[in-house]
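Q: The structure that follows is given in the form of structure tokens.
The values are calculated or read from the model by the stated rules, or taken from the named source; none is laboratory data. Bear in mind that the values here come from a model prediction, so they are computed numbers and not experimental data. Using ideal geometry, Cβ is built from the backbone for each residue, glycine included, and neighbour counts are taken over all protein chains shown.
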Amino acid sequence: MPVSIEELKALQAQKKEAAKPKFISKAKRVEMAAKAKQNQQNTSEETTLKDIRSTTDLKRSVVQETVQTTKPPPPKAKAKTTSGKFSFDWSAADDTSKAYQPSYSIDSGEGQAPKRQKRDLEDAHWSEKPVDSMSSRDWRIFKEDYSIVTKGGGNIPNPLRSWNECKEIPRIVRDTITRMGYKEPTPIQRAAIPIALGIRDVIGVAETGSGKTASFLIPLISYICELPKLDERSKVNGPYGLILAPTRELAMQIKDEAVKFCTPLGFKVVSVVGGYSAQEQALAVQEGAELIVATPGRLLDVIDRRLLVLNQCCYVVMDEADRMVDMGFEEQVQKVLASLPSSNAKPDSDEAENLAAVSTRRYRQTMMYTATMPVAIEKLAKKYLRRPGIVTIGSAGQAGSTVTQLVEFLNTDEKRKRRLLDIISKRQYRPPIVVFLNYKRDCEAVSDALVAAGWRTAIIHGGKQQEQREQAVQQLKRGAVDVLVATDVAGRGLDIPNVSLVVNFQMANNIESYTHRIGRTGRAGKRGTAVTFLGQEDDDVLFELKQMISRSEASPNNQELSRHPAARMKKLQQ
């Protein structure tokens, strides 16, 4: 219902009346002020309580919302495992690397990487290091790994790690080494070649079949490469290099190996050995050759007949020097060495150990190889070698660690024949097989017994012509025969690959010959077996034989040999 005009007028009149100022006494004003203050305090307390309640309610609502909106994580799926077995499976949810937050600066390790690399290199095995980073400790471990022992005054160079690291070997010689299939140097090659390349005399003591031939051929040919080529004028003064060997067979094998090295270089190799025409050999020598391989007897004969001179010979190698002494060639060897020019002999002083001193002129260099070191060899070395570096691989006079040595006591030849046939008939050992005896007549008898049992045989002894002996060796190498029956003439130098078994039908007269007999097997790192038949006639060598077998890790101790009275004490020399 609309307001009437009278009501509007009445309201306006009231507002005007209220807008007029009114007089209020002091007492009234004090009363009104006190009342207003009380009302203000009450209002403030109510506001504070409301704020507290609203804040508490807000927090409670936030917590409730968080609880309601946050869902618990689903349970991890467990990998199925077989009862009793450990499970190697893991869930991707277990990976905590995503939450990784480093608490330190990346720059805190600045400069540490080179130090760590240096420390890691120092701790690495020698095979993982460059040769320039090898420490004295690394070289000591290297020598232990290859059973290398070096002695001698002056500075003995470190061994050879690989062919490519030896820059002293001419490039063309290294290429020949690669072409011939030499992959890794053998221990004697690692130790002897650096010493010889340092223009120093060398004594090498190593087991048979250890790669000795290449260990003296490589430095010898490297030496010849630095000399002038032979011409019509210089060839009459003889060869640059001379190699002496105890037997024709060994000399011919060395020659064959030397030809492989020398042919690519344009060098000529001539052999001077018995069993061949002296006229043909003299003609070959007069035509000129950088290298001569010879036996002492035939070489001395050619020198005495003035068919050969050694006026410019500056490199001499004596292979299997102990065998040459055993065979009675010591005097002949000394005569050959005495025919060498004295003008190029090294001084017997500290100068011979100094590379800088000996490299100022062409001194003669001498290398001697032996499997044993008897007194006669020590005297020979002292007389003709100057301050040599001595290299020992393994133990002097010890058979290779790849040969298993077995012994059996059998007194009669008939028992030994039956046992020999029994051993090889089991087919445990595949041809080629070598049987050693002491006498020519016994070789024929044993060969006949083998042939009767169906084995193909060849015979080598001192009564055979040179052509017959070479033919027998070639037949064995080709597989045309199964068994080689031989005397000690084949005990040295014959390099027949893959001989699985050596049988000493009769024990050798001394331990040195025994060592070289069984050295026909287990060559070039391959394993082999040596069986020796013993009798009453072998008492003199039983003590040394027992000692050798006991030092061999590859050979079992024989109780019968250990208990034998003759093996308990070394027999005194009469």
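Q: If you take the residues in region 525-553 that are under 30 Å from Lys183 (Cβ atoms) and polar (S, T, N, Q), which one is surrounded by the fewest Cβ atoms within 10 Å (Cβ to Cβ)?
A: By that ranking, first place goes to Ser552.
Q: Please pick out the residue among Leu227, Leu197 that is surrounded by fewer than 18 Cβ atoms within 10 Å (Cβ to Cβ) and over 25 Å from Gln332 (Cβ atoms).
A: Of the residues listed, the single one that is surrounded by fewer than 18 Cβ atoms within 10 Å (Cβ to Cβ) and over 25 Å from Gln332 (Cβ atoms) is Leu227.
Q: If the Cβ limit is 9 Å and pairs must be 6+ apart or interchain, which residue in region 384-395 that is more than 17 Å from Val316 (Cα to Cα) and in contact (Cβ under 8 Å) with a residue 24 or more places away in the chain pairs with which residue that is in a helix (DSSP H, G or I) and acidic (Asp, Glu)?
A: Correct list of pairs: empty, since none qualify.
Q: Something else now. For region 148-171, which residues satisfy the criterion of being exposed (fewer than 15 other Cβ atoms within 10 Å of the Cβ) and out of contact with any helix residue (DSSP H, G or I) (no Cβ under 6 Å at 6 or more places or on another chain)?
A: Passing the criteria: Lys151, Asn155, Ser162, Asn164, Lys167, Arg171.
Q: I'm checking my understanding of the structure. Among residues of region 343-393 that are among the small types (Gly, Ala, Ser) and under 16 Å from Ile203 (Cα atoms), which one is modelled with the lowest pLDDT?
A: By that ranking, first place goes to Ala352.
Q: Scanning region 369-386 for residues that are of a type in the set (A, V, I, L, M) and under 24 Å from Gly211 (Cβ atoms), which turns out surrounded by the fewest Cβ atoms within 10 Å (Cβ to Cβ)?
A: Met373
Q: Now a separate question. What pairs come out if I take residues in region 156-184 that are farther than 19 Å from Gly211 by Cβ and pair them with residues that are assigned to a helix (DSSP H, G or I) and at pLDDT 90 or above whose C-beta lies under 7 Å away, six or more apart or interchain?
A: Pairs found: Ile156/Ile195; Pro170/Ser222; Pro170/Cys225; Ile172/Pro264; Ile172/Leu265.
Q: What single numbered condition from (1) closer than 25 Å to Leu307 by Cα; (2) surrounded by 22 or more Cβ atoms within 10 Å (Cβ to Cβ); (3) of a type outside the set (Asp, Glu) fails to hold for Asn237?
A: Looking at each condition in turn, Asn237 falls short on (2).
Q: Is it fair to say Arg179 is out of contact with any Asp or Glu (no Cβ under 8 Å at 6 or more places or on another chain), crowded, with 24+ Cβ neighbours inside 10 Å and either in the same structural domain as Thr150 (by TED's automatic domain parsing) or closer than 22 Å to Pro374 by Cα (or both)?
A: For Arg179, the condition - out of contact with any Asp or Glu (no Cβ under 8 Å at 6 or more places or on another chain), crowded, with 24+ Cβ neighbours inside 10 Å and either in the same structural domain as Thr150 (by TED's automatic domain parsing) or closer than 22 Å to Pro374 by Cα (or both) - is not met.
Q: Among the residues of region 241-253, write down those that are surrounded by fewer than 23 Cβ atoms within 10 Å (Cβ to Cβ) and more than 21 Å from Val473 (Cβ to Cβ).
A: none
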